[in-house]
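The values are calculated or read from the model by the stated rules, or taken from the named source; none is laboratory data. Just so it is clear, the model here is predicted, and its values are computed rather than measured. Here the Cβ positions follow ideal geometry from the backbone for every residue, glycine too, while neighbour counts run over all protein chains shown.
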Amino acid sequence: MSRRTIPWRLHVLPLSIVLISTALALGGQTVTEALRYQRGAILDGQWWRLISGNLVHLGWSHLLLNLAGLILV
């Protein structure tokens, strides 16, 4: 019976998302406010908020629930 292994490359993106999201949460409220999705700021040219808004969370419980969902997927 052969054992199939999952290539390590498949884990890089989810692990990166976990690490980046956790680091941003550790940055506190200042980091969250600077990176959260704000439509007016995006229209004023702060386009990075389109991506960073998906990585910052409302709080630790929100972050943990999202990361649990990511791990399940």
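Key figures
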{"quantity": "Residue satisfying condition, being part of a helix (DSSP H, G or I) and modelled with pLDDT under 90, within set 10, 15", "calculated": "10"}
{"quantity": "Complete set of residues in the stretch 50-65 that are surrounded by 13 or more Cβ atoms within 10 Å (Cβ to Cβ) and either touching a strand residue (DSSP E or B) at 6+ places or on another chain (Cβ under 6 Å) or not in a helix (DSSP H, G or I) (or both)", "calculated": "53, 54, 55, 56, 57"}
{"quantity": "Total residues in the stretch 17-37, condition of a type outside the set (Lys, Arg) and either within 13 Å of residue 54 (Cβ to Cβ) or touching a residue at least 12 places away in the same chain (Cβ under 8 Å) (or both)", "calculated": "11"}
{"quantity": "Within the stretch 39-49, considering residues that are free of Cβ contacts under 8 Å to residues at least 12 places away in the same chain and either in contact with a Lys or Arg (Cβ under 6 Å, 6 or more places away or on another chain) or surrounded by 12 or more Cβ atoms within 10 Å (Cβ to Cβ) (or both), the one farthest from residue 14 (Cα to Cα)", "calculated": "41"}
{"quantity": "Conditions (1) assigned to a loop (DSSP other than H, G, I, E, B); (2) modelled with pLDDT under 90; number of the one not met by residue 37", "calculated": "(2)"}
{"quantity": "Hey, residue 45 over 17 Å from the mean Cα position of the chain (by Cα), part of a helix (DSSP H, G or I), modelled with pLDDT of 90 or more and not aliphatic (A, V, I, L, M) or not", "calculated": "no"}
{"quantity": "Per-region count, the stretch 16-73, residues at positive phi and aliphatic (A, V, I, L, M)", "calculated": "0"}
